[in-house]
Amino acid sequence: MERICYIVGAAPTAALPAVREGDFLIAADKGLEALQRAGIAPDLIMGDFDSLGYTPEGENVLSHSPIKDDTDLMLAIRWAMARGWRRFVIYGALGGRRLDQTVASFQTLRFLADHGAKGRLVGDGWNVMLLQNAALQFPASASGWLSVFVSGSEARGVTLRGLKYELTDAVLTCGLPLGVSNEFLGTQARIAVADGALFVLWQGDILPGEEAL
């Protein structure tokens, strides 16, 4: 099983990672608070610590100036990718008071895909992945809302099956939110895009299987 780099950010999150042997856990700035409350020790603590309000001490602390181009999440991503990590699950990067940081988290998923890596955002009861020239298949046990949004100008060959609203070989653009507010039906569901990239957002803890097209 591929090793995972987990990152916990500053947005409020009830869910926290179950880290296995061989995985790596980074606290990004105020994400440290959620881990401390749960009694979980991160392997690395990183950020400018403007949100946390103080600079932690320890050999596993990397402090950065608040005057920087990258978010704390991107700092963690760049650090981990430089050391060979290619699969990321990111908690505390959705919701909260900073809508701009949530948008930045979506762009971080695109950064990962553009650099040969994969990521998933977890928080506020939702998961987010970027699907590029591939397909996701959800089991019948998935329930709740699911939405897809284009990353880029357009996505071609978009097919949705097993959902309340289906599409076949459609073209979606960034200027029309046609993929918002779909629903699982208690049957196996499949989302595919032949040419382009989609942000796939869904509720719950069920994880899809991914396949190449």
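A few points about this structure:
- Meets criteria (at pLDDT 95 or above, part of a loop (DSSP other than H, G, I, E, B) and not assigned by TED's automatic domain parsing to the domain that holds Trp202) for Trp79: no
- Residue list for segment 92-133, filter: farther than 19 Å from Ala14 by Cα, crowded, with 17+ Cβ neighbours inside 10 Å and of a type in the set (D, E, K, R): Lys118
- So Leu136, is it crowded, with 18+ Cβ neighbours inside 10 Å and of a type outside the set (Ser, Thr, Tyr): yes
- Condition met for Leu52 (more than 15 Å from the chain's Cα centre (by Cα), surrounded by 21 or more Cβ atoms within 10 Å (Cβ to Cβ) and either in contact (Cβ under 8 Å) with a residue 60 or more places away in the chain or outside any strand (DSSP E or B) (or both)): no
- Listed by first and then second residue, the pairs linking a residue in segment 130-146 that is more than 18 Å from Ala197 (Cβ to Cβ) and of a type in the set (Gly, Ala, Ser) to a residue that is surrounded by 18 or more Cβ atoms within 10 Å (Cβ to Cβ) and modelled with pLDDT of 95 or more, with Cβ atoms under 6 Å apart and 6 or more places separating them unless they lie on different chains, are Ala142/Phe184; Ser143/Phe184.
- The residue of segment 13-29 that is farthest from Met74 (Cα to Cα), among those that are surrounded by 18 or more Cβ atoms within 10 Å (Cβ to Cβ) and among the acidic types (Asp, Glu), is Asp23.
- Segment 76-105 - residue that is of a type in the set (Val, Ile, Thr) and in contact (Cβ under 8 Å) with a residue 12 or more places away in the chain and, of those, farthest from Val150 (Cα to Cα): Ile77
- Leu73 vs. criteria in contact with a Ser or Thr (Cβ under 7 Å, 6 or more places away or on another chain), in contact (Cβ under 8 Å) with a residue 40 or more places away in the chain, under 17 Å from Ile26 (Cβ atoms) and of a type in the set (A, V, I, L, M, F, W, C): yes
- Segment 30-49, residues that are on the phi > 0 side of the Ramachandran plot and crowded, with 18+ Cβ neighbours inside 10 Å: Gly47, Phe49
The values are calculated or read from the model by the stated rules, or taken from the named source; none is laboratory data. All of these numbers come straight from a predicted model, not from anything done at the bench. Note that each Cβ is placed from the backbone with ideal geometry, even for glycine, and that neighbours are counted across all protein chains shown.
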